């Protein structure tokens, strides 16, 4: 293990460029995912699995849901006297430019996090491109390469205009970071390793360009800084808006895809909840679905993802849908091709239907008393 060589820095202060009921009251980083997780769990778990003991988490303005979820970082073993989880301030500039994730202004504002560290490297990650990787292996590759920065990428499996792509030259050196990414291109995973002293020099040299993303600011100095690349060959899942959220969630219902992301050797950790196991009543039908603890299933659930505490009554049907915590689908109701945010109540014999191309999305409802 070479985990004593790095500290972590995670940005969560950006939202989707497209308006959605899912992000009206929460940042993108705290959207529930696959029944029991939130997107922020993935960068935190990647760092935990590499035994990184100091992590700065850049907070958005609407940070309540993130604070409620991560707390002191206990679930990720980051509640410690030396090091630990630091919830640090961030600017609301993440939506100003496509692909902007590492605003220089935020890095400068939190320079003390980097000054106080004695580790040689900083691992920086965003929150909405999720993956499960071996950071030890990548930190070692960075160390032996002699590069100042190592940017992690994967070969894109689809067009993604909201992502960024890398132009890579000889010896894996990055020549340029471009907005947008097409099928087969090198998709930047919003994850990289940078020498800590180099980062402090950049903070000093580029202070007047603090309104730019880090890679926009140093664009002309890529060769001098020696920006290298590392290809990740595992599963990468990008969540940029409600359509990609729905589509990628449905993809992960396939066991072979799910197993590529959730690996026992590198667990994805989330906030612990005390809940009884799901209850499946006689006569229910639940094929090809992911059901979380505390659910009560009396009707039919097919090809769907249910978070904690969802009730599906007898005669109710849920198909190809994502149902979040505390929702109740009454007898005779149908929910199809839909996303229901927390605490929604679907009355008897109601039909809520979207299509595969136009998912019905219903925002969070007040808690029922």
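Values as computed for the structure displayed
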| read-out | value |
| --- | --- |
| Peptide ranges 321-327, 298-304 listed from the most packed, as the mean C-beta count within 10 angstrom indicates | 321-327, 298-304 |
| Contact order normalised by residue count of the chain, Cα under 8 Å, 6+ apart, percent | 15 |
| Gaussian network model of the chain, Cα within-10 Å springs - most flexible of 184, 148, 315 | 184 |
| Gaussian network model of the chain, Cα within-10 Å springs - most flexible of 81, 119, 271 | 81 |
| Point-to-point label distance, residue 263-residue 280, nm (Cα→Cβ direction, 7 Å offset) | 2.9 |
| Three-way shape call for the stretch 248-314 based on the alpha-carbon gyration tensor, with the a/c threshold at 1.5 | oblate |
| Computed label-point distance, nm, for sites residue 231 and residue 348 using a 7 Å Cα→Cβ extension | 6.0 |
| Förster-model FRET efficiency, 56 Å R0, residue 357 and residue 82, C-beta, rounded to 0.05 | 0.60 |
| Theoretical gain in end-to-end length, residue 209 to residue 17 [0.36 nm per residue, Cα-Cα removed] | 66.8 nm |
| Difference of contour (0.36 nm per residue) and Cα-Cα distance, residue 108 to residue 171 | 19.6 nm |
| GNM top mover of 246, 14, 345 - the chain, alpha-carbon springs below 10 Å | 345 |
| Cα→Cβ-extended label distance, 7 Å offset, between residue 118 and residue 314, nm | 6.8 |
| Kirkwood hydrodynamic radius of the chain, Cα pairs, Å | 21.4 |
| At R0 = 22 Å, FRET efficiency that the Cβ-Cβ distance of residue 137 and residue 272 yields, to 0.05 | 0.15 |
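Computed from the coordinates by the stated procedures, all read-outs in this text should not be read as laboratory data. From a predicted model like this one, the values you see are computed outputs, not experimental measurements. Backbone-built Cβ (ideal geometry, glycine too); neighbour counts: all protein chains shown.
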